[in-house]
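The values are calculated or read from the model by the stated rules, or taken from the named source; none is laboratory data. Nothing here was measured: the structure is a model prediction, and the numbers come from that model. No Cβ is skipped: glycine too gets one built from the backbone with ideal geometry, and neighbour counts run over all protein chains shown. Side chains are part of the model used for accessible areas, which takes the heavy atoms of the whole protein and leaves out ligands, DNA and RNA. Shrake-Rupley method; radii C 1.70, N 1.55, O 1.52, S 1.80 Å.
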Amino acid sequence: MNPVKVLIIDDEEDMRNLVQMYLENSGFSCVHARDGAEGLRKLQEQKFDLVILDIMMPFEDGFAICGRIRAFSQVPIIFLSAKGEEWDKVKGLQLGGDDYIVKPFSPGELVARINALLRRTSLVKNDEDTVTLGKINIDKKARKVSVEGAIVPLTLKEFELLVFLVKHQGQALSREQLLEYVWGMDYHGSLRTVDTHIKTLRMKLGTGDYIQTIWGVGYKLEVPAG
């Protein structure tokens, strides 16, 4: 089996080398990019399993680069930042990031976060490849969602959230359950993150009646009768 291939985008050479050392000691394969532009070029030229993206970089910050990556790829993204405020974490996740690690961090934490994220994305891939639910069609292998034949662009987090709701169709799921599955047990952000993503998912799907709010509990997905 080929090792997991990780792209490290960071303007600090010492940090790139440190992350590479941590990951290669755990069996990962690493490629460097010294800024967002170089990272984008490498993502378009090569296939990667995961991106580690610094936020504070010259020219374009990591938030902007994440948005540009999401325009053509759903590769899992982990932000690295010295900024630990909740707003920064929420912003990164809303833009399509999958996890957020605050510097300084330990080698064990970084590797554990990567493995947890890869497990979650693997679970999405391993069920039925295609699911049709009312007007919604989900192609898990291609990571594509369409409503009445029209492609709906979803972030990886929105996609994982929809897949989890579909898998548990008709079941009331708490915000805590959704947060744990989609963002991971070690995510310490607010439950409002779930509400924000549900709101965006409803808007993008244009089928707000599919995802129902269960007051005092969370949400469930139910196809309306007729």
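For this structure, a couple of remarks:
- Boolean, Gly96 is among the small types (Gly, Ala, Ser) and under 14 Å from the mean Cα position of the chain (by Cα): yes
- Of the residues making up the stretch 116-145, those that are more than 20 Å from Leu95 (Cα to Cα), at pLDDT 85 or above and open to solvent by 20 Å² or more (accessible area, probe 1.4 Å) are Asn137, Asp139.
- Of the numbered criteria (1) within 18 Å of Val182 (Cα to Cα); (2) touching a Gly at 6+ places or on another chain (Cβ under 9 Å); (3) open to solvent by 10 Å² or more (accessible area, probe 1.4 Å), the one Ala112 fails is (2).
- Checked against (1) touching a helix residue (DSSP H, G or I) at 6+ places or on another chain (Cβ under 8 Å); (2) at pLDDT below 85; (3) not hydrophobic (A, V, I, L, M, F, W, C), Glu86 passes all but a single condition, namely (1).
- With respect to being modelled with pLDDT under 85 and either open to solvent by less than 40 Å² (accessible area, probe 1.4 Å) or not hydroxyl-bearing (Ser, Thr, Tyr) (or both), Leu161 falls outside the description.
- Close pairs (9 angstrom Cβ cut-off, 6 or more residues apart or separate chains): among the aromatic types (Phe, Trp, Tyr) in the stretch 67-81, open to solvent by 40 Å² or more (accessible area, probe 1.4 Å) anywhere: Phe72/Gln44; Phe79/Lys89
- Among all positions in the stretch 70-90, there is no residue which is among the aromatic types (Phe, Trp, Tyr), over 21 Å from Asn17 (Cα atoms), in contact with a Leu (Cβ under 7 Å, 6 or more places away or on another chain) and open to solvent by less than 50 Å² (accessible area, probe 1.4 Å).
- Selected residue (criterion: least open to solvent (accessible area, probe 1.4 Å)) from residues of the stretch 1-51 that are β-branched (Val, Ile, Thr) and in contact with a Ser or Thr (Cβ under 8 Å, 6 or more places away or on another chain): Val6
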